[in-house]
Amino acid sequence: MNKTWNNKAWFMVLPVLLLVAFSAVIPLMTVVNYSVQDTFGNNAFFWAGTDWFAQVLASDRFWEALGRNLLFSAIILALEIPLGILIALNMPKKGLGVPVCLVLMALPLLIPWNVVGTIWQVFGRVDIGLLGRVLDGIGFDYNYVNDVFDAWVTLIVMDVWHWTSLVVLLCYAGLVSIPEAYYQAAKIDGASRWAVFRYIQLPKMKRVLLIAFLLRFMDSFMIYTEPFVVTGGGPGNSTTFLSIDLVKMAIGQFDLGPAAAMSIIYFLIILLLSWIFYTVMTSSDDQA
Amino acid sequence: MARINLDHIRHAYGEKPKSEADYALKEVHHEWNDGGAYALLGPSGCGKTTLLNIISGLLQPSEGRILFDGKDVTYLSTQERNIAQVFQFPVIYDTMTVYDNLAFPLRNRGVAEPEVDRRVREILEMIDLAGWAKKTARGLTADQKQKISLGRGLVRSDVNAILFDEPLTVIDPHMKWVLRSQLKKLHRQFGFTMVYVTHDQTEALTFADKVVVMYDGQIVQIGTPAELFEKPSHTFVGYFIGSPGMNVLPAAIDGSAVRVGEETITLDYAPAVSAGAKTELGIRPEFITLSREGMPVSIGKVEDIGRQKIVRAEFVGKPIAIVVPEDGEIPADPHVTFDPAAINIYADSWRVGREG
Ligand SMILES: Nc1ncnc2c1ncn2[C@@H]1O[C@H](COP(=O)(O)OP(=O)(O)OP(=O)(O)O)[C@@H](O)[C@H]1O
Ligand SMILES: [Mg+2]
């Protein structure tokens, strides 16, 4: 085959390059720039090397927030993935129920993050919120403002409510792609409900589950808006996640250097964990 | 190992069938003998898979009953009917090994592991995949998948019947022949009732004691290969069985005289046709003799197919096929005679007998 060489073709990708440069590369490099310098104001910057990184990594504040993030993501994944699979398995496969269920499932996904936060913030209030009043009325001593456990439960329930649908929709897409013949063969082979799930449905959902898992991990690990709106990081520091801490540091205290260093560390952690999950999950795929 | 009765079975996929055309199965009323080997032959969409699914219990018929050895099983599950079925589109569990795929139906029924191992190894040997036992089923070729699917149907030795839905479509001809003889051997050894769906008439005729021909949601004939050849009970069977198929010519019946175009053929009986029926004469190409005497024809194309020649000719303005032996000559002034014993008369596509 004859290939035509024409360097003008590079102009075709120029718009994308510019877009990526302005939206990702330049901001990222700015952050890198801050992370290795110190300033005493007046736009005078000094080379600080890896000092900020060392300082962030040595602080308890960072490790505690990281611990909260890991715990939160672990709980979210442990709840949303199985729950999502369970709901998807029980959704109707044909008839009028299909569009109804799909729309119901898609609804929470359409609500903006900060609105979700506000809804639950009001919903859970002990003085005027429906949930808060009801729980209080039936004898629970529920108060997400003062009680650490209640604050966590509120955030988790809110996230499950908001995002399980995503897992459901992805799993459902995997399930409906299974031809009827598989279920027929399973019946002839005398397979139990569990065997059908284990050998037919789970293998078919594997790819979409990987996507669901990564999306939910990254998203829950970067959680910001909901705790910011509902608990503001409290009570105490109990719901101060890395993102909230980062914003406090950068905007509240104007510590640009440490905040920049922390951003980069935060970014690398997400990248690293996602890569590990991806590798582990796809390699088990090859062996199986 | 069961006698299967299909008692006035009808099936429609839609909710409320209004006309005859809404039924995928029009009316099937028939008995399959215990231990019989049946081939189910018919064109695409005639309802073969539907019938198998009704027998195995994957589908509930809209009307009618199914009996196994006289016991009504219409509402029993597949599991309770104890039937093996090999599907038209091979299903394999691709996260399992080849071995586990074959062991699956046995393990699900709690068969002891030594027995599982014995059966699976036997089947692996039979389908020629012994070397692949430990491989995962993913990434196998289409014919290997089809063999596994077949193997899973054969691995249980205690079933009432085995239903095969075109099980060998992508297997190469030699292996197909090998597997078919293995099936016959298993059939003799265990005496399962076997139903074998196929499009391919040679496959049907070599596998089965009885061939069941389906057409448009109905069973149009059940018989031995010889019966289907000599006395097709429906013009469709005449076309479908034999190569080339039966010649069917419009005919007017008057007592024992059959008029085709300007020619008249006299039979030794008077077919019982009711007035107003569409009548036709059927004659197989093998029973037409080409010579200098008889009724005139004009020769079109001559196809040489090895031991025979097929002559395409025109008779009373209609195309017909004639089979001529390899050394048979084609006269310059061609005429044909029909073997009177091989003539079948059809009224509204159904064969009418000699009884009058
Ligand atoms: N699940 C279904 N829903 C609705 N109609 C169906 C369904 N399955 C089959 N049919 C229809 O019923 C008729 C018989 O189908 P069936 O699959 O039994 O034919 P078949 O003889 O097995 O054909 P083939 O040789 O192509 O496999 C066809 O007209 C088909 O379109
Ligand atoms: Mg079919």
Inset, instruction - Please determine, by comparing only the residues of the stretch B:195-240 that are aliphatic (A, V, I, L, M) and free of Cβ contacts under 8 Å to residues at least 60 places away in the same chain, which one is surrounded by the most Cβ atoms within 10 Å (Cβ to Cβ). - result: B:VAL237
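Given the structure, is A:GLN201 part of a helix (DSSP H, G or I), surrounded by 17 or more Cβ atoms within 10 Å (Cβ to Cβ) and within 14 Å of chain B (Cβ to nearest Cβ)?
In short, yes.
Of these, B:LYS135, B:LYS184, which one is away from ligand 2 (no atom under 16 Å from the Cβ), more than 15 Å from B:GLN88 (Cα to Cα) and touching a residue at least 60 places away in the same chain (Cβ under 8 Å)?
On the way: B:LYS135 fails: touching a residue at least 60 places away in the same chain (Cβ under 8 Å).
When all the criteria are applied, what remains is B:LYS184.
Of the residues in the stretch B:184-194, how many are surrounded by 21 or more Cβ atoms within 10 Å (Cβ to Cβ) and hydrophobic (A, V, I, L, M, F, W, C)? Outline the logic, then answer.
Filtering the stretch B:184-194 for residues surrounded by 21 or more Cβ atoms within 10 Å (Cβ to Cβ) gives B:192-194.
So of that shortlist, the ones also hydrophobic (A, V, I, L, M, F, W, C) come out as B:192, B:194.
Of the residues in that region, 2 qualify.
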Inset, instruction - Pull up the stretch B:156-175, narrow it to residues that are part of a helix (DSSP H, G or I) and not aliphatic (A, V, I, L, M), then point me to the one that is farthest from the other protein chains (Cβ to nearest Cβ). - result: B:HIS174
Inset, instruction - For the stretch B:151-176, name all the residues that are away from ligand 2 (no atom under 16 Å from the Cβ), more than 17 Å from the chain's Cα centre (by Cα) and hydrophobic (A, V, I, L, M, F, W, C). - result: B:LEU154, B:VAL155, B:VAL159, B:ALA161, B:ILE171, B:MET175
Legend entry - Enumeration of residues in the stretch B:30-77 that are more than 22 Å from A:ALA185 (Cα to Cα), open to solvent by 10 Å² or more (accessible area, probe 1.4 Å) and within 11 Å of ligand 2 (Cβ to nearest atom): B:PRO43
Legend entry - Positions within the stretch B:156-182 being out of contact with any strand residue (DSSP E or B) (no Cβ under 7 Å at 6 or more places or on another chain) and surrounded by 23 or more Cβ atoms within 10 Å (Cβ to Cβ), in sequence order: B:LEU168
Legend entry - Members of the stretch B:331-343 found to be under 17 Å from B:PRO244 (Cβ atoms) and loosely packed, with under 14 Cβ neighbours inside 10 Å, listed by number: B:ASP339
Inset, instruction - Kindly provide the set of residues from the stretch A:238-249 that are surrounded by fewer than 19 Cβ atoms within 10 Å (Cβ to Cβ) and assigned to a helix (DSSP H, G or I), ordered by number. - result: A:VAL247, A:LYS248
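Is it the case that B:ARG307 is modelled with pLDDT under 90 and either over 23 Å from B:ILE241 (Cβ atoms) or touching a Ser or Thr at 6+ places or on another chain (Cβ under 6 Å) (or both)? Working first, answer last.
Details: modelled with pLDDT under 90: yes; either over 23 Å from B:ILE241 (Cβ atoms) or touching a Ser or Thr at 6+ places or on another chain (Cβ under 6 Å) (or both): no.
In short, no.
Looking only at the stretch B:140-155, which residues are within 14 Å of chain A (Cβ to nearest Cβ) and either out of contact with any helix residue (DSSP H, G or I) (no Cβ under 8 Å at 6 or more places or on another chain) or open to solvent by less than 10 Å² (accessible area, probe 1.4 Å) (or both)?
Of everything in the stretch B:140-155, those that are within 14 Å of chain A (Cβ to nearest Cβ) and either out of contact with any helix residue (DSSP H, G or I) (no Cβ under 8 Å at 6 or more places or on another chain) or open to solvent by less than 10 Å² (accessible area, probe 1.4 Å) (or both) turn out to be B:LYS145, B:GLN146, B:ILE148, B:SER149, B:LEU150, B:GLY151, B:GLY153, B:LEU154, B:VAL155.
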Legend entry - Single residue of the stretch B:78-106 satisfying the filter (aliphatic (A, V, I, L, M) and at the interface with chain A (Cβ under 8 Å from one of its Cβ atoms)) that is surrounded by the most Cβ atoms within 10 Å (Cβ to Cβ): B:ILE83
Legend entry - Extreme residue, nearest to ligand 1 (Cβ to nearest atom), among residues of the stretch B:1-10 that are out of contact with any Lys or Arg (no Cβ under 9 Å at 6 or more places or on another chain) and at pLDDT 85 or above: B:ILE4
Inset, instruction - Please find, within the stretch B:32-67, the residue that is nearest to the other protein chains (Cβ to nearest Cβ) out of those that are more than 10 Å from ligand 1 (Cβ to nearest atom) and among the hydroxyl-bearing types (Ser, Thr, Tyr). - result: B:SER56
Inset, instruction - Inspect the stretch A:147-158 for any residue being closer than 26 Å to B:SER77 by Cα and either open to solvent by less than 10 Å² (accessible area, probe 1.4 Å) or in a loop (DSSP other than H, G, I, E, B) (or both) and give the result as yes or no. - result: no
Inset, instruction - Just give me the residues in the stretch B:16-26 being more than 10 Å from ligand 1 (Cβ to nearest atom) and buried (at least 16 other Cβ atoms within 10 Å of the Cβ), in sequence order. - result: B:PRO17, B:LYS26
Legend entry - Number of the condition not met by A:ALA186 [criteria: (1) over 19 Å from A:ALA212 (Cβ atoms); (2) open to solvent by 20 Å² or more (accessible area, probe 1.4 Å); (3) part of a helix (DSSP H, G or I)]: (2)
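Among the residues of the stretch A:148-194, write down those that are touching a Pro at 6+ places or on another chain (Cβ under 7 Å) and more than 14 Å from chain B (Cβ to nearest Cβ). Break it down into steps so the answer makes sense when it comes.
As a first pass, look at the stretch A:148-194 and keep what is touching a Pro at 6+ places or on another chain (Cβ under 7 Å): A:148, A:151, A:155, A:161-162, A:165, A:189-190.
Of everything in the stretch A:148-194, those that are touching a Pro at 6+ places or on another chain (Cβ under 7 Å) and more than 14 Å from chain B (Cβ to nearest Cβ) turn out to be A:VAL148, A:ALA151, A:LEU155, A:TRP161, A:HIS162, A:SER165.
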Legend entry - Of the criteria (1) more than 20 Å from the chain's Cα centre (by Cα); (2) surrounded by fewer than 20 Cβ atoms within 10 Å (Cβ to Cβ); (3) not acidic (Asp, Glu), which one A:ALA191 fails: (2)
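The values are calculated or read from the model by the stated rules, or taken from the named source; none is laboratory data. Because the structure is a prediction, the values reported are computed rather than measured. Methodologically, a virtual Cβ is constructed for each residue, glycine included, from the backbone with ideal geometry; neighbour enumeration extends over all protein chains shown. Ligands, DNA and RNA are stripped out before the accessible areas are found, and what is left, the full protein with its side chains, is counted by its heavy atoms. Shrake-Rupley method; radii C 1.70, N 1.55, O 1.52, S 1.80 Å.
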